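What follows is one structure encoded as structure tokens, with my remarks underneath.
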Amino acid sequence: MLNHKSVLITGGTGSFGKKFVETILNRYPEVKRIVIYSRDELKQFELKQKYPHDQYPQLRFFIGDVRDADRLKRACEDIDVIIHAAAIKQVDTAEYNPEECIKTNVHGAQNVINAALQTQVKHVVALSTDKACAPINLYGATKLCSDKLFVAANNISGKRDIRFSVVRYGNVMGSRGSVIPFFISKRETGVIPITHKDMTRFNISLQAGVDLVLFAIGNHLGGEIFVPKIPSYKIVTVAEAIAPNAKQVVVGIRPGEKLHEEMITVTDSMNTIDLGKYYAILPSVSFKHKRSDYLEHHHATPVPEGFHYSSDKNTEWETVESMREKIVKYCDPNFVVK
């Protein structure tokens, strides 16, 4: 699918970007070019050490910000596929710096869309978050705006051979800001801070997130928001898996944080179809495809009326044992229970 293609990843030095590059190099050894587009020169330098140019000549490193429309357009020249992963993601950072969050997450998204429309890009997949579903914080609200921009971009693409879609998923194991490395760092103190004993979250590995993006590239008609079927965990289960002998102390929910996360609301479900391994929320306004087109293309069925996909009402749950296995597999191969 990506052999002999050129791929650009915004925010390419982040957790997702690094895993995506690793996966592409393994699965598509004849990929023409992978452009890492980000604004952090130190992270680019570190990634170059892992992938030296003499061994990986297909990798290119562009210093740039998604806020810079001209620089972004230049980076998109001769690109076939864009993966948009750049964002300001910390909930509390966004609350304290709202204008900066909007510049990156909303204006930056529109810049990506414009650059793709002005060049010869064929596929654009934007990364979203469960916090974009019925958002209560600014980060989630900006990502919902971003989702809407990418979905609507299909309606202004004209005769161009280009498709825009979105992938939405929950907490990524081991990523920067993940609760797992935080709990591991705290267990030596004998105290694990818990925001709320009833809190739940969706759980996905970086590799599963990458696989969802690759599925979207290979299968989207344009306009879908793809949602994976993944397990949930209780925050107390994660704490017990990591530090069963530590005391759990409730410290309270942080500003802008939900007790449970959603990925598909009851209202969303009216436009949601079941693809088997994934769900897809269809655009409410589409000038290119009818609902029946999506159902036929994906061999999908509509979800039941009143369907709701939230972390507390999930049918699949992580256990202490499954969390420990996944921590070793996805986060820390040297992890042992203390």
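Report yes if residue 308 is of a type outside the set (A, V, I, L, M, F, W, C), open to solvent by 40 Å² or more (accessible area, probe 1.4 Å) and closer than 30 Å to residue 158 by Cβ, otherwise no.
Working: of a type outside the set (A, V, I, L, M, F, W, C): yes; open to solvent by 40 Å² or more (accessible area, probe 1.4 Å): yes; closer than 30 Å to residue 158 by Cβ: no.
When the stated conditions are applied, residue 308 does not pass them.
Wholly within the stretch 173-242, which strands (runs of 3 or more DSSP E) include no fewer than the required count, namely at least 3 residues that are among the β-branched types (Val, Ile, Thr)? First the steps, then the outcome.
Working: elements: 191-194, 200-204, 225-228, 232-234.
Passing ranges, in order: 191-194.
For the stretch 269-284, state whether one or more residues are in a loop (DSSP other than H, G, I, E, B), modelled with pLDDT of 95 or more, hydrophobic (A, V, I, L, M, F, W, C) and open to solvent by less than 80 Å² (accessible area, probe 1.4 Å). I'd like the intermediate steps shown before the answer.
In the first step, residues of the stretch 269-284 are kept if they are in a loop (DSSP other than H, G, I, E, B); the result is 275-277, 282-284.
With the extra rule that they be modelled with pLDDT of 95 or more, the set shrinks to 275-277, 282-283.
Pick out the ones that are also hydrophobic (A, V, I, L, M, F, W, C) and you get 275, 282.
From what's left, open to solvent by less than 80 Å² (accessible area, probe 1.4 Å): 275, 282.
Yes; the residues of the stretch 269-284 include at least one that is in a loop (DSSP other than H, G, I, E, B), modelled with pLDDT of 95 or more, hydrophobic (A, V, I, L, M, F, W, C) and open to solvent by less than 80 Å² (accessible area, probe 1.4 Å).
List the pairs whose first member sits in the stretch 286-301 and is under 17 Å from residue 158 (Cα atoms), whose second member is open to solvent by less than 80 Å² (accessible area, probe 1.4 Å) and assigned to a loop (DSSP other than H, G, I, E, B), and whose Cβ atoms are under 6 Å apart, counting only residues at least 6 apart or on separate chains?
Hits for this filter: 286/223; 289/221.
Going through the stretch 36-86 one residue at a time, which ones are closer than 22 Å to residue 213 by Cβ, in contact (Cβ under 8 Å) with a residue 24 or more places away in the chain, open to solvent by 50 Å² or more (accessible area, probe 1.4 Å) and assigned to a helix (DSSP H, G or I)?
Correct list: 43 only.
For the subset of the stretch 87-105 comprising residues that are under 17 Å from residue 167 (Cβ atoms) and touching a Ser or Thr at 6+ places or on another chain (Cβ under 7 Å), which member is least open to solvent (accessible area, probe 1.4 Å)? Don't jump to the end; show me each part of the working.
Let us first name the residues in the stretch 87-105 that are under 17 Å from residue 167 (Cβ atoms), namely 87, 89, 105.
Subset that is touching a Ser or Thr at 6+ places or on another chain (Cβ under 7 Å): 87, 105.
On the way: 87: 29, 105: 3 Å².
My answer is 105.
What number of residues within the stretch 106-122 are open to solvent by less than 50 Å² (accessible area, probe 1.4 Å) and either assigned to a loop (DSSP other than H, G, I, E, B) or touching a Lys or Arg at 6+ places or on another chain (Cβ under 6 Å) (or both)? If you could, list the steps in order and put the result at the bottom.
Quick first cut of the stretch 106-122, residues open to solvent by less than 50 Å² (accessible area, probe 1.4 Å) only: 106, 108-109, 111-113, 115-117, 119, 121.
Then keep just the ones that are either assigned to a loop (DSSP other than H, G, I, E, B) or touching a Lys or Arg at 6+ places or on another chain (Cβ under 6 Å) (or both); that gives 108, 115, 119, 121.
Adding up the residues that qualify gives 4.
Which residues, taken from the stretch 137-159, are in a loop (DSSP other than H, G, I, E, B) and either touching a Lys or Arg at 6+ places or on another chain (Cβ under 6 Å) or buried (at least 23 other Cβ atoms within 10 Å of the Cβ) (or both)?
Within the stretch 137-159, the first condition is being in a loop (DSSP other than H, G, I, E, B), and the residues that meet it are 137, 157-159.
Within the stretch 137-159, no residue meets the criteria.
The values are calculated or read from the model by the stated rules, or taken from the named source; none is laboratory data. Computed from a predicted model, the values in this text were never measured in an experiment. Don't worry about glycine lacking a Cβ; one is built from the backbone with ideal geometry, like all the others, and counts go over all protein chains shown. In case anyone asks, the SASA skips ligands and DNA or RNA and just uses the protein heavy atoms, side chains included. Shrake-Rupley method; radii C 1.70, N 1.55, O 1.52, S 1.80 Å.
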